[in-house]
Amino acid sequence: MVLIKVLIVDDQELIRLGVQSLLEEVSGLEVTCFLAASGEEALAQYKALSPDIIFLDINMPGIGGIETARKILKSETTAKIIVLSVLDDGPIPGHLVQMGVSGFICKDTGVEQLVRAIQTVLAGDFYLSDKVAQNIALKKLGVIGGGPFSLLSSREASVLHLTLQGHAIRTIAELLKITEKTVVTYRYRVFKKLDVHNDIELMHLAIKYNYTDWKGGA
């Protein structure tokens, strides 16, 4: 039986340990789990461990899941990332699929779907939970709108995510390892594409389109 290395990335210890426990108890599945509480930890562990599968949360302190996925996929386009998030019915799933992740499933999923996702992705295919797949399909068909967030590039989405977390321009620059001037440029592009004029309007728009699970903060 082939040993599968799984990296579980989530800032909530209960989620990390819970997913680990579920996977290690599955009969017929041989896994070794590694845990990371932030995107920064995930990047370091990915480089050191070369895991077969990464389960990645989106809303985390630090650089967050979107930027983590972008950095990993930029360094290795064949990386197998399965997003595990509560943000399953807004514009984020489609955005991340376009970025190159291998799967997207809901945090309330059961162990059978976790295993199915691993098997599907390791076989070279995409895996989307039913709700996410339906959401993406309906957007492509124009049945429901994708919202203005679909216009953003991956780096613009990273800057947006950190802005929604309340980070200052200097902090965003440090986290993304870019200049403050570059952050200002990306913020300008985000504001222009989303047709907002300040951070308050930006937050209201994010809540409206379910781009954040925060109902009074990022």
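Below is a table of values for the structure above.
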| item | result |
| --- | --- |
| For Phe34, residues with placed amide H under 5 Å, excluding near neighbours | Val6, Leu7, Ile8 |
| Rg(Cα) / (2.2 N^0.38 Å) computed for the chain, rounded to two decimals | 1.00 |
| Lys, Arg +1 and Asp, Glu -1 on Cβ, resulting dipole of segment 4-141 about Cα centre, debye, nearest 20 | 540 |
| Cβ-derived FRET efficiency at R0 22 Å, Glu25 paired with Val2, nearest 0.05 | 0.75 |
| Residue of Ala36, Ala123, Ala173 that the Gaussian network model of the chain assigns the largest fluctuation, springs spanning Cα pairs under 10 Å | Ala123 |
| Computed lengthening from Asp195 to Ala123, 0.36 nm per intervening residue step minus Cα-Cα distance | 21.8 nm |
| Phi-based couplings in Hz for segment 76-88 (Karplus 6.51, -1.76, 1.60; Gly and Pro marked x) | 8, 5, 8, 4, 9, 10, 10, 6, 10, 8, 7, 8, 9 |
| Choice from Arg187, Arg16, Arg116 with maximal GNM fluctuation in the chain (Cα, 10 Å cutoff) | Arg116 |
| Of Lys5/Lys47; Lys47/Lys80; Lys74/Lys177; Lys71/Lys131; Lys177/Lys208, those spanning more than 21 Å from alpha-carbon to alpha-carbon | Lys71/Lys131; Lys177/Lys208 |
| Selected from Ser27, Ser153, Ser102 as most flexible by GNM, with the chain as the system and alpha-carbon contacts under 10 Å | Ser27 |
| Surface/4 estimate of mean projected area, convex hull on alpha-carbon atoms of segment 148-208, nm² | 3.6 |
| Principal-axis tilt of helix 130-141 within the chain, Cα atoms, nearest 10 degrees | 40 |
| Cβ-placed point charges (K, R +1; D, E -1), dipole of segment 25-75 about Cα centre in debye, nearest 20 | 320 |
| Length-normalised contact order of segment 4-141 in % [C-alpha pairs under 8 Å, at least 6 apart] | 20 |
| Where GluC sites (Glu not before Pro) in DSSP loops with at most 13 other Cβ within 10 Å are excluded, longest remaining stretch of the chain | 77-218 |
| Selection from Val184, Cys106, Met60, by position along the positive dipole direction of the chain (Cβ) | Val184 |
| Extension gain (nm, one decimal) between Arg170 and Ser150, 0.36 nm per residue minus Cα-Cα | 4.6 nm |
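Values in this text are rule-based calculations from the coordinates and carry no lab data. Values in this document were obtained by computation on a predicted structure and should not be read as measured data. Reconstructed Cβ throughout: ideal geometry from the backbone, glycine too, with neighbour counts over all protein chains shown.
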